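K.L.:
Please see the structure below; I have some questions.
The values are calculated or read from the model by the stated rules, or taken from the named source; none is laboratory data. Since this is a predicted model, take the numbers as computed values, not measurements. As a convention, Cβ positions derive from the backbone with ideal geometry for all residues, glycine included, and neighbour counts pool all protein chains shown. These accessible areas exclude ligands, DNA and RNA; they are computed on the full protein's heavy atoms, side chains included. Shrake-Rupley method; radii C 1.70, N 1.55, O 1.52, S 1.80 Å.
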Amino acid sequence: MDYLLLVIVFGMYYVVHFTSVMYAEKMKVLPIYLYSAAFILYLIPLFFIDKDYNSMQNSMLVLNMGVVLYAWIAIKGVWSKPLKLKIEKLTKKPKETISEEQYEKVEGLTISLEASKYKGIISLVISLIFMITMAIKATPELRSEFMEGNPVVWVLFLLIFIIYIFIDIVLWIKRKKFAFIAIRPLFVIFWLIILQILLAINK
């Protein structure tokens, strides 16, 4: 069941990507069926998960990684300014003839921009579901373990934040516009703090 949960958690990335484009194109029925099926599949390993410590630990670790992954995707989708700046850079000289390759690149980025808000919202909901599942299913011992381990992840994302701030400054000097991509690791840290609170409440 651990492997099934692993496949479902990380396989949801492709479902999110696919359905966000569909939502952007005003297709709403098929995504509902896809998410309904995905949710049922998600419940199967949770109901039939082995109660031994190693199996529970592996399952909670997979969910913890899912929380981080989809929190990152969520903020990347919601905070779409870097993507807008890319499109603006490619189209800032409308009087000049652009190549077919450049046109296709702009078109692809525009579709990504339209889908990004849906991808962000859906990913945030998925990450929240994983958080709630961890808070409910994890044993007191596992809650304590993840509460002690997650601050290490905070430090990792703090280092990423520092690197991204440096990149933001370099890009700002070059483009004269601040994209603030550093908000991504900052948001993940904030989201993990919420997970820490949920785990503490149910301890």
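K.L.:
Scan the chain and report its longest stretch carrying no GluC sites (Glu not before Pro) that are both in a DSSP loop and have at most 11 other Cβ atoms within 10 Å.
P.N.:
Numbers: sites that count: 25, 96.
In the chain, the maximal stretch lacking such sites is 97-203.
K.L.:
Still on this structure, please answer the following. Given labels modelled 7 Å from the Cα in the Cβ direction, how far is it in nm from residue 177 to residue 78?
P.N.:
Rounded to a tenth, the inter-label distance reads 2.2 nm.
K.L.:
Ok, one more. Determine ³J(HN,Hα), in whole Hz, for all residues of the stretch 165-182 in sequence, where each value follows from phi through the Karplus function 6.51 cos²θ - 1.76 cosθ + 1.60 and θ = phi - 60°; x replaces Gly and Pro.
P.N.:
4, 4, 4, 4, 5, 4, 5, 5, 5, 6, 9, 6, 9, 9, 7, 6, 5, 5
K.L.:
Compute the length gained on full extension between residue 33 and residue 48: take 0.36 nm times their separation in residues and subtract their Cα-Cα distance, giving the result in nm to one decimal.
P.N.:
On the way: separation 15, 0.36 × 15 = 5.40 nm, distance 2.33 nm.
Full extension of this stretch gives 3.1 nm more.
K.L.:
Now, a different point. Averaged per residue, what accessible surface does the chain expose to a 1.4 Å probe, in Å²?
P.N.:
Working: 12160 Å² over 203 residues.
With all protein chains present, the chain gives 60 Å² per residue.
K.L.:
Run the numbers for residue 136 and residue 194: contour at 0.36 nm per residue of separation, minus the present Cα-Cα distance, in nm.
P.N.:
Separation in residues times 0.36 nm, less the Cα-Cα distance, equals 19.4 nm.
K.L.:
Expressed as a rounded percentage, what relative contact order does the stretch 132-203 have, with Cα pairs under 8 Å and six or more residues apart?
P.N.:
Numbers: 51 pairs, mean separation 32.1, N = 72.
After rounding, I find 45 percent.
K.L.:
A further question on this structure: Could you please state how large a percent of the accessible area of the chain is carbon and sulfur, counting protein chains only and using a 1.4 Å probe? Each step should come with its number before you reach the end.
P.N.:
Numbers: 8590 of 12160 Å².
The computed percentage sits at 71.
K.L.:
Residue separation times 0.36 nm, minus the C-alpha to C-alpha distance between residue 105 and residue 144: what's the value? Let's see the in-between values first.
P.N.:
Values: separation 39, 0.36 × 39 = 14.04 nm, distance 4.73 nm.
Additional length available on full extension: 9.3 nm.
K.L.:
Please turn the phi angles of the stretch 131-140 into ³J(HN,Hα) values with the Karplus equation 6.51 cos²θ - 1.76 cosθ + 1.60 (θ = phi - 60°), one per residue in order, whole Hz, x for glycine and proline.
P.N.:
4, 5, 4, 4, 5, 8, 7, 5, 6, x
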